[in-house]
Amino acid sequence: MPIRYTEYVRLKKGRYQSVGKFGEGIYAYEVLTGITDSPEYHQISKAEFDFFKTWSKEVDGVMDMKKFYEIVNRPVLCSGYLGKEYLDTSRLRDM
């Protein structure tokens, strides 16, 4: 059965972003995009999930943009945008 973006379980929150899981083994980074703050999900590793508070920490209102760009340049697994609401398992990587 296909996994819908609404099945994302948010486990750790930051400002405009979070990390969580789809099911048991798919860790994901959620970032809000566009004028309507539609969620977009990118796969992350268990280590990235575990250290979210470290790499998402803001200093003077700015987070580590190097890590942010590294993650958001990965394929989008699914999102709140029309036609992208189901998790595309072909985009999963061995992390």
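What follows draws every value from the coordinates through simple rules; no lab data is involved. Every value quoted in this text rests on a predicted model; they were computed, and no experiment measured them. Because the Cβ atoms are built from the backbone with ideal geometry, glycine has one as well, and the counts that use them run over all protein chains shown.
If amide hydrogens are placed 1.01 Å from N in the peptide plane, which non-local residues have theirs closer than 5 Å to the one on residue 38?
33
Using helices alone, what [θ] at 222 nm do you get for the chain, with -39,500 (n - 2.57) per DSSP H run of 4 or more residues, divided over all residues and rounded to the nearest 500?
Helix-only estimate at 222 nm: -4000 deg cm²/dmol.
Looking at segment 32-95, which chymotrypsin sites (Phe, Trp or Tyr not before Pro) are in a loop (DSSP not H, G, I, E or B) and have at most 15 other Cβ atoms within 10 Å?
51, 81
Excluding residues fewer than 8 places away in the same chain, name every one of the lysines whose C-alpha is closer than 27 Å to that of residue 84.
Within the straight-line limit of under 27 Å, residue 84 reaches these lysines: 12, 13, 21, 46, 66, 67.
Can you list the trypsin sites (Lys or Arg not before Pro) in segment 51-95 that are in a DSSP coil and have 16 or fewer other beta carbons within 10 angstrom?
Here the trypsin sites (Lys or Arg not before Pro) that fit, given the DSSP loop and packing criteria, are 57, 84, 93.
Please identify the GluC sites (Glu not before Pro) of segment 8-50 that satisfy two criteria: DSSP loop assignment and at most 11 other Cβ atoms within 10 Å. Which are they?
Here the sparse-neighbourhood loop sites are 24.
Note the direction-averaged projected area, equal to a quarter of the hull surface, for the Cα convex hull of the chain, in nm².
6.3 nm²
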